[in-house]
Amino acid sequence: SVGIDPWTPGKISLLSAVTPTAEVSDNINLIGAIDSANESVVFLSDDDVLKRIKADGTSATVTYGGSGSNITSLTQDGTNYYAANATGIYKGALTGAGSGTKVWDTGSTKVVINWVKQRLFAGIGASLYELVGTGPTLPSAVYTHPNTNWTWTAIAEGPNAIYVSGFAGTASAIYKLTI
């Protein structure tokens, strides 16, 4: 069944061919978007390099504003992309035009971001932040885990809440934040 489409009832056909567009390391992040020109694109971080790949497979390196440390997380709000690393959280246009700029300082290699409930949330170190306004100083934390070794791993949107997950050692948890 390799290469066969088994999901159409009563019909068997070959799957579409896949064309590789980028070679990557093992430290990647990926987000899809439709930019202001109504073009479908993918932003791919590979270590400390950010690339914008169009639907036709052409790609360009994006000057996101950061360098020197691996991008740990990516998200988008419909107009802008956000890339996070150990130095900061950077913002740039989904069109890839111009250079991105640092909006907030992070100071941690443990950074995860996501656009949820029309808000930008970040898990930095053991703390959670709702990023509003302009930095570079972070606002007050929404919550700080009592274990200083805690690492936030994901931020997701639910119907009535924001869910965040994390771990320290072999202990892990999912928290529900209501707005």
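Could you grab the pairs with beta carbons closer than 7 Å, sequence gap of 6+ or different chains, first residue in segment 48-65 and more than 23 Å from residue 109 (Cα to Cα) and in contact (Cβ under 8 Å) with a residue 40 or more places away in the chain, second one surrounded by fewer than 17 Cβ atoms within 10 Å (Cβ to Cβ) and not hydrophobic (A, V, I, L, M, F, W, C)? The qualifying pairs are 52/59.
For residue 81, the stated conditions do not hold, so it cannot be described as aromatic (Phe, Trp, Tyr) and either over 21 Å from residue 157 (Cα atoms) or surrounded by fewer than 21 Cβ atoms within 10 Å (Cβ to Cβ) (or both). For segment 50-108, the strands (runs of 3 or more DSSP E) that sit wholly inside it and include 2 or more residues that are of a type outside the set (A, V, I, L, M) and over 30 Å from residue 126 (Cβ atoms) are 59-62.
Every residue, every condition in (1) open to solvent by 80 Å² or more (accessible area, probe 1.4 Å); (2) in contact with a Pro (Cβ under 9 Å, 6 or more places away or on another chain); (3) under 30 Å from residue 37 (Cα atoms); (4) not β-branched (Val, Ile, Thr), yes or no:
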site	(1), (2), (3), (4)
98	no, no, yes, yes
105	no, yes, no, yes
112	no, no, yes, no
138	no, no, no, yes
165	no, no, no, yes
173	no, no, no, yes
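Once segment 1-40 is narrowed to residues that are assigned to a strand (DSSP E or B) and open to solvent by 100 Å² or more (accessible area, probe 1.4 Å), the residue that is nearest to residue 62 (Cα to Cα) is 30.
The values are calculated or read from the model by the stated rules, or taken from the named source; none is laboratory data. The structure displayed is predicted, hence computed values, not measured ones. For neighbour counting, all protein chains shown are included, and Cβ atoms are generated from backbone atoms with ideal geometry for every residue, glycine included. For accessibility, only protein heavy atoms count, side chains too; no ligands or nucleic acids. Shrake-Rupley method; radii C 1.70, N 1.55, O 1.52, S 1.80 Å.
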